[in-house]
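Read-outs throughout are calculated quantities, based only on the coordinates presented, and are distinct from any laboratory measurement. All of these numbers come straight from a predicted model, not from anything done at the bench. For neighbour counting, all protein chains shown are included, and Cβ atoms are generated from backbone atoms with ideal geometry for every residue, glycine included.
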Protein chains: 2
Amino acid sequence: MEDRVGAYVPGGTLDMPGSAGGPLDGLSFAAKDLYDIAGLPTSYGNPDWARTHPPAAATAPAIAALLAAGAHLRGKTKTVELAYGLTGENVHHGTPLNPAAPERFPGGSSCGSAAAVAAGMVDFAMGSDTGGSVRIPASYCGIFGIRPSWGAVNLAGACALAPSFDTAGWFAATAAVLRRVGEVLLPEGGEAPLGPLLKVQEAWVNAVPGTATALAPGLAAAERLLGPALPVNLVPETVDLLYERFRIAQAAEAWATLGAWVEATKPAFGPGVGERFAAARAVGPEAAEQARRFRAGFAARLRALLAGGAVLAYPTSPVPAPRLDADAATQQAVRERTLAVTAIAGMAGLCEVSIPAARSEGAPVGLSLVAAPGRDRALLALAERLASELRLAG
Amino acid sequence: MEDRVGAYVPGGTLDMPGSAGGPLDGLSFAAKDLYDIAGLPTSYGNPDWARTHPPAAATAPAIAALLAAGAHLRGKTKTVELAYGLTGENVHHGTPLNPAAPERFPGGSSCGSAAAVAAGMVDFAMGSDTGGSVRIPASYCGIFGIRPSWGAVNLAGACALAPSFDTAGWFAATAAVLRRVGEVLLPEGGEAPLGPLLKVQEAWVNAVPGTATALAPGLAAAERLLGPALPVNLVPETVDLLYERFRIAQAAEAWATLGAWVEATKPAFGPGVGERFAAARAVGPEAAEQARRFRAGFAARLRALLAGGAVLAYPTSPVPAPRLDADAATQQAVRERTLAVTAIAGMAGLCEVSIPAARSEGAPVGLSLVAAPGRDRALLALAERLASELRLAG
């Protein structure tokens with residue numbers, strides 16, 4: 001199908017059929033251009049990265065598993081440079097169109113994968129999610145997306161940003177396809193039923209009123225499936241602190257992972273990306289240690305709270321996608337407010353599914369359901385039931 | 001030791017040494033007069049019950065286990081008639097004195113056991129807890145008390161009130177003795193560390209401001225042990241509804257258990273008890289079924305929420321013990337407000353320890369820690385750590 005939204009990297013159109021007769025036979029997909037495909041360059045969203053790295057020697061196991069399951073690989077999709085951004089902007093390759101709200105950003109960093117699915121170019125697409133890079137474009141583009149439990153899906157052969165946060169996620173236009181991909185990629189188990197539903201108060205308050213109001217029927221539908229939602233607060237301080245600790249923890253890891261390359265290469269970066277690496281370089285060891293300690297305590301609390309099957313519910317993104325003409329200050333404010341909530345699953349290694357439950361300000365907003373590590377399969381089954389309850393296109 | 005608080009039933013002083021060398025060797029105890037002691041009458045707090053039942057053929061296994069563990073049984077303690085009341089009043093045997101607040105009720109139904117421990121007559125005492133009958137007198141008398149997980153301690157040979165709520169609990173003046181008794185009575189296991197701490201918002205709001213303020217340092221001490229408390233609401237409606245559903249569910253069972261005897265015997269009851277049985281008789285099958293359905297949903301949510309080790313924290317009783325001259329309307333209002341919170345553990349079969357953390361209005365008030373069924377041993381260990389943190393007499 002024609003790339004009318006600019007989802008693929010230049011020269012990134014592919015035609016690699018999967019094995020016949022597999023469980024994904026008949027489905028097409030695309031993959032974010034940070035997954036290695038044997039013999040092809042991996043750009044990681046930046047021409048200097050592509051120039052300084054050889055073509056991939058092997059195909060990433062997650063992609064190979066999808067091909068072996070019968071899915072047909074159609075292209076390599078655009079990403080924010082080094083996956084370090086949430087709007088989906090890429091000045092080198094061009095920012096993909098948001099098919100659900102053309103005057104707004106598609107969200108990132110997995111922008112091309114989200115755009116390809118939202119435009120109906122492929123049935124599903126692989127992205128990756130460190131700080132929200134699948135969940136946010138899913139919310140912005142009005143599609144389903146999953147950030148799986150940390151470590152649940154193989155990330156070998158995928159470029160790293162902050163390894164203790166990085167996950168391999170994916171998008172689909174329907175909950176059924178989202179689940180079918182999970183059956184191929186996820187480990188066995190984790191299918192025990194989920195509940196109760198916990199309404200994370202900070203995240204609902206953090207959302208703008210229009211988003212919260214639009215998603216209220218989605219929450220009510222989830223209550224019909226899981227019983228009444230219990231209000232809970234997760235952060236004794238404020239989610240602003242969660243944002244700040246996440247930012248530091250992620251930045252310290254990003255610099256440890258990519259700093260040497262950035263210093264050696266001095267790559268040309270688009271707006272925001274260079275600034276984020278400069279800030280990452282400036283993180284001192286004491287701040288990093290403080291963030292790691294905070295994270296350990298937060299993660300332990302959350303994992304214990306969710307160990308019995310409880311499900312958190314809140315708006316995936318506090319606002320719809322920013323407009324393409326939003327100034328830098330607005331974009332930064334949205335970024336901080338967004339990461340304050342996406343950090344919940346990120347800090348604790350939880351699995352999260354975003355469901356295209358509503359529209360606000362003429363653009364999509366997603367409802368997130370979040371569960372304990374390892375409960376991905378049950379979460380995907382729950383998302384499918386909720387989609388049916390909401391009569392979303394199946 | 002002399003019974004200067006009127007803890008024992010008439011003629012209920014005993015001198016039954018336990019087996020030498022057991023883990024409770026050197027400790028004395030008393031038992032609520034609803035536990036059978038072979039050869040002795042069991043009064044269940046009412047002369048007509050004693051008159052219409054033969055002396056016990058066998059000693060209740062829980063009591064036998066304590067004797068086998070070396071504890072010395074000193075007496076049979078007073079109970080509210082048929083254990084159906086929370087003030088501790090007994091017009092037939094006399095209401096025990098509250099040693100910690102002599103102008104106030106001791107709390108019930110396990111009033112004599114609480115008074116005996118609070119007066120230092122024995123090291124620990126067995127009570128039973130259906131709707132709060134250990135937790136409330138523990139709070140009122142300023143001692144430690146546990147309602148164990150439903151089914152965790154053998155209730156054979158103990159008179160039943162509402163079997164799906166009834167539990168065998170106990171009191172002690174120190175957290176260490178409370179734990180040592182648990183090591184004899186509780187099943188093995190359930191020792192995995194607990195956390196996070198959840199502050200049950202409804203229960204703190206339900207308490208009068210003086211009680212909540214007095215217990216705030218106790219909660220802060222628990223936070224030093226378990227990390228910051230996360231605010232949570234457990235009941236989407238209000239705790240008034242929790243009270244009402246509990247009342248109906250308990251009353252239906254109480255009538256099913258004791259109604260035939262009440263109708264056949266027409267016993268003389270003191271204030272309140274007869275009214276409660278009359279109300280229990282009037283519960284219709286539809287209301288009972290509605291209460292059972294509510295309970296099933298509530299219990300499932302709570303058990304899943306606590307399955308990973310989370311601990312609820314709230315005031316055991318919303319107010320200190322009512323004064324002995326409180327009128328019937330005041331007593332009923334306190335009863336309703338109290339059961340609205342004690343019903344949390346009762347409805348869900350949770351284990352709960354009350355810690356004598358503070359005084360308010362010149363009388364004790366307890367802080368409760370509540371955990372999932374089966375985690376009693378970890379809860380007792382946590383109570384001991386909290387007692388140490390609060391520098392309570394060890």
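Summary for A:MET16: label point 7 Å along Cα→Cβ; distances to the equivalent points in the other copies, ascending, 7.8 nm. Across chain A, the longest piece that holds none of the trypsin sites (Lys or Arg not before Pro) lying in DSSP loops with up to 12 other C-beta atoms within 10 Å covers A:5-390.
Across peptide B:8-21, the average count of Cβ atoms from other chains found within 10 Å of a residue's Cβ is 0. Note on A:ASP325/B:ARG385: beta-carbon distance plugged into 1/(1 + (r/R0)^6) with R0 of 60 Å gives a FRET efficiency of 0.55. With a simple spin-label model that places each label point 7 Å from the Cα along the Cα-to-Cβ direction, the separation between B:LEU14 and B:ALA192 comes to 3.7 nm. For A:LYS266, the lysines whose Cα comes closer than 28 Å to its Cα, not counting residues fewer than 8 places off in the same chain, are A:LYS32, A:LYS76, A:LYS78. Place a label point 7 angstrom from the Cα of A:ALA220 along the Cα-to-Cβ direction, then list the residues of segment A:182-203 whose backbone nitrogen is under 19 Å away. Within reach of a label on A:ALA220: A:197-200.
The three principal axes of the Cα atoms in segment A:43-134 give end-to-end lengths of 37, 32, 22 Å, sorted in falling order. Applying a DSSP loop filter and a limit of 10 other Cβ atoms within 10 Å to the GluC sites (Glu not before Pro) in segment A:167-245 leaves A:GLU188. Per-residue shielding of A:196-204, expressed as the average number of other chain Cβ atoms within 10 Å of the residue Cβ, stands at 2. Across the copies of the chain, B:PRO236 has label points (7 Å from Cα along Cα→Cβ) spaced 3.0 nm apart, shortest distance listed first. Here the Karplus relation 6.51 cos²θ - 1.76 cosθ + 1.60, evaluated at θ = phi - 60°, turns the backbone of segment A:264-271 into coupling constants of 6, 9, 6, x, 6, 10, x, x Hz, with x for every Gly and Pro. Pairwise Cα separations in the protein assembly as shown fall into 20 Å bins from 0 onward with the following percentages, short to long: 17, 40, 25, 16, 2.
Each helix, a run of at least 4 DSSP H residues, gives -39500 (n - 2.57); summed and divided by the residues of chain A, these come to -12500 deg cm²/dmol at 222 nm. Overall size of chain A from C-alpha positions, given as principal axis extents largest first: 53, 53, 39 Å.
Only lysines eight or more places from B:LYS199 in sequence, or on another chain, were considered; those with a Cα closer than 24 Å are A:LYS199. Highest mobility in the GNM of chain B, judged by mean-square fluctuation with C-alpha springs under 10 Å and restricted to B:ASN233, B:ASN46, B:ASN206, is found for B:ASN233.
Could you calculate the FRET efficiency of A:ARG359 with A:ASP25 from 1/(1 + (r/R0)^6), where r is the beta carbon distance between them and R0 is 22 Å, rounded to 0.05? E(calc), rounded to 0.05, equals 0.05.
Quick one: of the DSSP bridges fully inside chain B, what percent are antiparallel, nearest 5? For chain B, the DSSP antiparallel bridge percentage is about 65. Comparing A:LEU24, A:LEU219, A:LEU305 in a Gaussian network model of chain A where C-alpha atoms under 10 Å apart are linked, the largest mean-square fluctuation is found at A:LEU305. Across identical copies of the chain, A:GLY39 has label-point separations of 9.4 nm, listed in ascending order, with the point defined 7 angstrom from Cα along Cα→Cβ.
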